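Participant: Just passing along the structure, written as structure tokens.
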Number of protein chains: 2
Amino acid sequence: MGVFSTAGGTEPTGHEQVVFCSDQQSGLRAIIAIYSTALGPALGGTRFYPYANEEDAIHDVLELSRGMAYKNAMAGLDLGGGKAVIWGDPDRDKSEPLLRAYGRFVESLGGRYYTACDVGTYVQDMDMVARETRFVTGRSEAHGGAGDSSVLTAYGVFQGMRAAAEHRWGSPSLAGRRVGIAGLGKVGKHLTRHLLSDGAQVVATDVSQRAFEWARETYPQVDLVDDVTALITSDIDVYAPCALGGALNDDTVPVLRATVVAGAANNQLAHPGVEKLLDERGVLYAPDYVINSGGVIQVADEIEGFNFERAKLRAGKIYDTTRQILLLAQEEGVPPAVAADRMADRRMAEVGRLRTIRLRHER
Amino acid sequence: MGVFSTAGGTEPTGHEQVVFCSDQQSGLRAIIAIYSTALGPALGGTRFYPYANEEDAIHDVLELSRGMAYKNAMAGLDLGGGKAVIWGDPDRDKSEPLLRAYGRFVESLGGRYYTACDVGTYVQDMDMVARETRFVTGRSEAHGGAGDSSVLTAYGVFQGMRAAAEHRWGSPSLAGRRVGIAGLGKVGKHLTRHLLSDGAQVVATDVSQRAFEWARETYPQVDLVDDVTALITSDIDVYAPCALGGALNDDTVPVLRATVVAGAANNQLAHPGVEKLLDERGVLYAPDYVINSGGVIQVADEIEGFNFERAKLRAGKIYDTTRQILLLAQEEGVPPAVAADRMADRRMAEVGRLRTIRLRHER
């Protein structure tokens, strides 16, 4: 795995800038990857993770930053895609000097990259990072932070699911549909609420007993099943993967009874080709990064000065975007995942190009 | 070879920031390595070279930028150390879009890195890069450039050699000493002139017949010998390697008849340990990066607005610095190369630390 090109060395990775940062005294080793700034400053969180080696860290940050570029583009944000990883054990290595050294490197990029929380980093860490840089979101509410981003993530997924329902059945309403939710984490819980309000029947599973207890107490009308296999082979209309990545794979797709997939998990397609498998089985797949962008929409709103209603309005547009993508897929005869990538590429090229119309004497 | 640590993965490379930059349409693939900004913005040239692979490019830029940090520190400049490589064939790949894309990435670092010419890049290239960034030296004279930096490189080497002569023989004069110059390139030619003016006898060699012709015509008093082996085994007092790196190695040091080595070439020590070999043979080695810094002193002066006399004064101080290093080596019982590294590390730490005395409300 190289930085400029993939392992084989033939295919360019396509990233605009990849920045290795280190500060020996605090122990900081971070990589900030900027996939594209065509639409605006690259926004993406900072993952703090004990990678086995440098190559794994590089691989992760390159993949994640690319994903953010497509997500932010389809979220309609004026933001490019980026991501950062701090190579270390957050429990052992996180410290004020390390986080602040990291903040100085974020600042050194002059606003080409905005950071946020990700696995292993929390709002209080972003508050610390913010003591060294202006280019940070995901802060605590006391510092203008957007708060728990699972709220608009779930809202956006619900909107994306409604668009898929309309495309499939002619009406966006989920009333009377059986929706299977895999994963009753924060997003899964909010999504359950939206679905029940809309009149859907919810079937759910989780790996945690506490989630089951929550469901029994809060929404006794939810059907609980033992595991994901039971869920996807049951009589559901919509499957909503809301836990780990790779939910759609060579084992699950062939047995899936739902004809719509719309969930909150990242990287639902286990490998390239699964999108075709879904298409062949007649399953309508609402691309993950399109419908789960409510979270980044919520966090990105901090840049303007957080306003929940404005962010919610923007997340509501996930409905329109998903419809457009499903129509484009139909028109062009490609799976929705491919249509989404095309639409994102197009937006980056077409809107990015507008900067050739210069507004003043500037570089 | 990693970016954060050496091949074995045990020893950190120690670089502050390493920035991979790419622009697919112009074909740009560049790596900017900043070893340290403790003393000021990192200054170092841009090498344009067709590396076999990404690893070779990384290895080169990490080594070169580290070298620049030590060179700039010992040159007494308020500049840190950096270097950049553009991975490509300069004859085939160099273009306006590529150079300007590179310039935008230099600009994106906000002045943490200043670039300059190196192998494969010329003043006209820096003029092109300067159309996108303020942070560039090595420009054409019409644009305030310092011109041919071999002038002060040779002057500095001469001053370093004088300091070594004083340390060895009690007087800085080279009158009556036999000095062997390997390499009659631009620096070697200027050095010949300085030495002859001082009353030294010059013995020289080069791989090019044209250099021999130049010597016969310009300075018929110079003794010319066939090759480096003939030069270093002849009866010389001072050996001045002024061509490729690695001049001091396991083959040459044992047969060297000079008792002083002071030359313009970079990386004269072929591998770690050669400095001890020289010491054991009683050869006084004036560290390469200390005495060949006249070139970077000349180019760096562009940042203030080039003034040859000011730059020459500064290059003249190579005499004092070399004396100090040779004394320190004697006091601490280490080879001069080790003493130079220690003094550079000390300056980076002690002067860098001064920024803890804050001058205003700033980051």
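Participant: Could you list, in sequence order, the residues of segment B:114-139 that are open to solvent by less than 10 Å² (accessible area, probe 1.4 Å) and of a type in the set (Ser, Thr, Tyr)?
Facilitator: If the condition is that a residue be open to solvent by less than 10 Å² (accessible area, probe 1.4 Å) and of a type in the set (Ser, Thr, Tyr), then B:Thr115, B:Thr121, B:Thr133, B:Thr137 are the ones that fit.
Participant: Please find, within segment B:1-50, the residue that is most open to solvent (accessible area, probe 1.4 Å) out of those that are outside any loop (DSSP other than H, G, I, E, B) and away from chain A (no Cβ under 11 Å).
Facilitator: B:Tyr49
Participant: Take A:Ala57 and decide whether it is assigned to a strand (DSSP E or B) and open to solvent by less than 10 Å² (accessible area, probe 1.4 Å).
Facilitator: Numbers: assigned to a strand (DSSP E or B): no; open to solvent by less than 10 Å² (accessible area, probe 1.4 Å): yes.
For A:Ala57, the condition - assigned to a strand (DSSP E or B) and open to solvent by less than 10 Å² (accessible area, probe 1.4 Å) - is not met.
Participant: Restricting attention to segment B:268-291, and to residues there that are open to solvent by less than 10 Å² (accessible area, probe 1.4 Å) and within 20 Å of the chain's Cα centre (by Cα), which single residue is nearest to B:Val157 (Cα to Cα)? Lay out the reasoning, then the answer.
Facilitator: Start the filter on segment B:268-291 by keeping residues that are open to solvent by less than 10 Å² (accessible area, probe 1.4 Å), which leaves B:268, B:274, B:278, B:283, B:285-287, B:290-291.
Checking the rest, the ones that are also within 20 Å of the chain's Cα centre (by Cα) come to B:268, B:274, B:285-287, B:290-291.
Details: B:Gln268: 13, B:Val274: 20, B:Tyr285: 12, B:Ala286: 9, B:Pro287: 10, B:Val290: 9, B:Ile291: 5 Å.
Ranking the candidates gives B:Ile291 first.
Participant: Restricting to segment A:327-344, what's the tally of residues that are of a type in the set (A, V, I, L, M), in contact (Cβ under 8 Å) with a residue 60 or more places away in the chain, buried (at least 22 other Cβ atoms within 10 Å of the Cβ) and over 25 Å from A:Val151 (Cβ atoms)?
Facilitator: Residues of segment A:327-344 of a type in the set (A, V, I, L, M): A:327-329, A:334, A:337-340, A:343-344.
Keeping just the survivors that are in contact (Cβ under 8 Å) with a residue 60 or more places away in the chain gives A:327, A:337-338, A:340, A:343-344.
Narrowing the set further to residues that are buried (at least 22 other Cβ atoms within 10 Å of the Cβ) leaves A:337, A:340, A:344.
Among the residues that remain, those that are also over 25 Å from A:Val151 (Cβ atoms) are: A:337.
Residues that pass the stated criteria total 1.
Participant: Quick check on segment A:61-77. Is at least one of its residues open to solvent by less than 10 Å² (accessible area, probe 1.4 Å), assigned to a helix (DSSP H, G or I) and out of contact with any strand residue (DSSP E or B) (no Cβ under 7 Å at 6 or more places or on another chain)?
Facilitator: Among the residues of segment A:61-77, at least one is open to solvent by less than 10 Å² (accessible area, probe 1.4 Å), assigned to a helix (DSSP H, G or I) and out of contact with any strand residue (DSSP E or B) (no Cβ under 7 Å at 6 or more places or on another chain), which makes the answer yes.
Participant: How many of the residues making up segment A:113-136 are touching a strand residue (DSSP E or B) at 6+ places or on another chain (Cβ under 6 Å) and in a loop (DSSP other than H, G, I, E, B)?
Facilitator: Let us first name the residues in segment A:113-136 that are touching a strand residue (DSSP E or B) at 6+ places or on another chain (Cβ under 6 Å), namely A:113-115, A:118-121, A:126, A:129-130, A:135-136.
Subset that is in a loop (DSSP other than H, G, I, E, B): A:118-121, A:130, A:135.
The total comes to 6.
Participant: So which of B:Asp251, B:Asp237, B:Asp227, B:Asp223 is farther than 19 Å from B:Tyr155 by Cα, in contact with a Lys or Arg (Cβ under 6 Å, 6 or more places away or on another chain) and either among the charged types (D, E, K, R) or surrounded by 13 or more Cβ atoms within 10 Å (Cβ to Cβ) (or both)?
Facilitator: Details: B:Asp251 fails: in contact with a Lys or Arg (Cβ under 6 Å, 6 or more places away or on another chain); B:Asp227 fails: in contact with a Lys or Arg (Cβ under 6 Å, 6 or more places away or on another chain); B:Asp223 fails: in contact with a Lys or Arg (Cβ under 6 Å, 6 or more places away or on another chain).
One residue alone meets the criteria, B:Asp237.
Participant: From the list A:Phe158, A:Phe105, exactly one residue is away from chain B (no Cβ under 14 Å) and hydrophobic (A, V, I, L, M, F, W, C). Which is it? Walk me through how you get there before you give the answer.
Facilitator: Working: A:Phe105 fails: away from chain B (no Cβ under 14 Å).
So the residue among A:Phe158, A:Phe105 that is away from chain B (no Cβ under 14 Å) and hydrophobic (A, V, I, L, M, F, W, C) is A:Phe158.
Participant: Condition test on B:Arg92, is it within 14 Å of chain A (Cβ to nearest Cβ) and open to solvent by 10 Å² or more (accessible area, probe 1.4 Å)? Before the answer, list the steps.
Facilitator: Working: within 14 Å of chain A (Cβ to nearest Cβ): no; open to solvent by 10 Å² or more (accessible area, probe 1.4 Å): yes.
So B:Arg92 does not fit the description; no.
Participant: Tell me, please, whether a residue that is polar (S, T, N, Q) and open to solvent by less than 20 Å² (accessible area, probe 1.4 Å) can be found in segment A:303-316.
Facilitator: Taking segment A:303-316 and keeping what is polar (S, T, N, Q), we get A:307.
The next check asks that each one be open to solvent by less than 20 Å² (accessible area, probe 1.4 Å); those that pass are none.
The answer is no, given that none of the residues of segment A:303-316 is polar (S, T, N, Q) and open to solvent by less than 20 Å² (accessible area, probe 1.4 Å).
Participant: Applying the selection to segment A:262-281, what residues are under 21 Å from A:Ala200 (Cβ atoms) and either touching a Pro at 6+ places or on another chain (Cβ under 6 Å) or free of Cβ contacts under 8 Å to residues at least 60 places away in the same chain (or both)? Talk me through it step by step, then tell me what you get.
Facilitator: Pass one, segment A:262-281, residues under 21 Å from A:Ala200 (Cβ atoms): A:262-265, A:268.
Matches in segment A:262-281: A:Gly263, A:Ala265, A:Gln268.
Participant: Can you name the residue in segment B:140-157 that is assigned to a helix (DSSP H, G or I) and either of a type in the set (Lys, Arg) or touching a residue at least 60 places away in the same chain (Cβ under 8 Å) (or both) and is also surrounded by the most Cβ atoms within 10 Å (Cβ to Cβ) among such residues?
Facilitator: The first filter runs over segment B:140-157 and keeps only residues assigned to a helix (DSSP H, G or I), leaving B:141-143, B:150-157.
In the following step, the residues that additionally are either of a type in the set (Lys, Arg) or touching a residue at least 60 places away in the same chain (Cβ under 8 Å) (or both) were identified as B:150-157.
Details: B:Ser150: 20, B:Val151: 20, B:Leu152: 29, B:Thr153: 26, B:Ala154: 27, B:Tyr155: 23, B:Gly156: 32, B:Val157: 34.
Applying the filter and picking the extreme gives B:Val157.
Participant: Okay, next question. Yes or no: A:Ala243 hydrophobic (A, V, I, L, M, F, W, C) and modelled with pLDDT of 95 or more?
Facilitator: Criteria not met by A:Ala243.
Participant: Name every residue in segment B:78-89 that is surrounded by fewer than 19 Cβ atoms within 10 Å (Cβ to Cβ) and within 22 Å of B:Ala311 (Cα to Cα), in order of residue number.
Facilitator: B:Asp78
Participant: Given (1) open to solvent by 30 Å² or more (accessible area, probe 1.4 Å); (2) farther than 30 Å from B:His143 by Cβ; (3) not in a loop (DSSP other than H, G, I, E, B); (4) not assigned by TED's automatic domain parsing to the domain that holds B:Asp250, identify the lone condition not met by B:Gly352.
Facilitator: The one condition B:Gly352 does not meet is (1).
Participant: Does A:Asp237 fit the bill of being of a type in the set (D, E, K, R) and touching a strand residue (DSSP E or B) at 6+ places or on another chain (Cβ under 6 Å)? Break it down into steps so the answer makes sense when it comes.
Facilitator: Working: of a type in the set (D, E, K, R): yes; touching a strand residue (DSSP E or B) at 6+ places or on another chain (Cβ under 6 Å): yes.
Yes.
Participant: Working carefully through the options A:Gly188, A:Gly111, find the one that is within 14 Å of chain B (Cβ to nearest Cβ) and open to solvent by less than 20 Å² (accessible area, probe 1.4 Å).
Facilitator: Numbers: A:Gly188 fails: within 14 Å of chain B (Cβ to nearest Cβ).
Going through A:Gly188, A:Gly111 in turn, the sole match is A:Gly111.
Participant: Can you tell me which residue among B:Gly183, B:Gly160, B:Gly147 is at pLDDT below 95 and within 24 Å of B:Lys71 (Cβ to Cβ)? Steps first, please.
Facilitator: Details: B:Gly183 fails: at pLDDT below 95; B:Gly160 fails: at pLDDT below 95.
So the residue among B:Gly183, B:Gly160, B:Gly147 that is at pLDDT below 95 and within 24 Å of B:Lys71 (Cβ to Cβ) is B:Gly147.
The values are calculated or read from the model by the stated rules, or taken from the named source; none is laboratory data. What you see is a predicted model; the values in this text were computed from it and never measured. Positions of Cβ are backbone-derived with ideal geometry, glycine not excepted, and every protein chain shown enters the neighbour counts. Ligands, DNA and RNA are stripped out before the accessible areas are found, and what is left, the full protein with its side chains, is counted by its heavy atoms. Shrake-Rupley method; radii C 1.70, N 1.55, O 1.52, S 1.80 Å.
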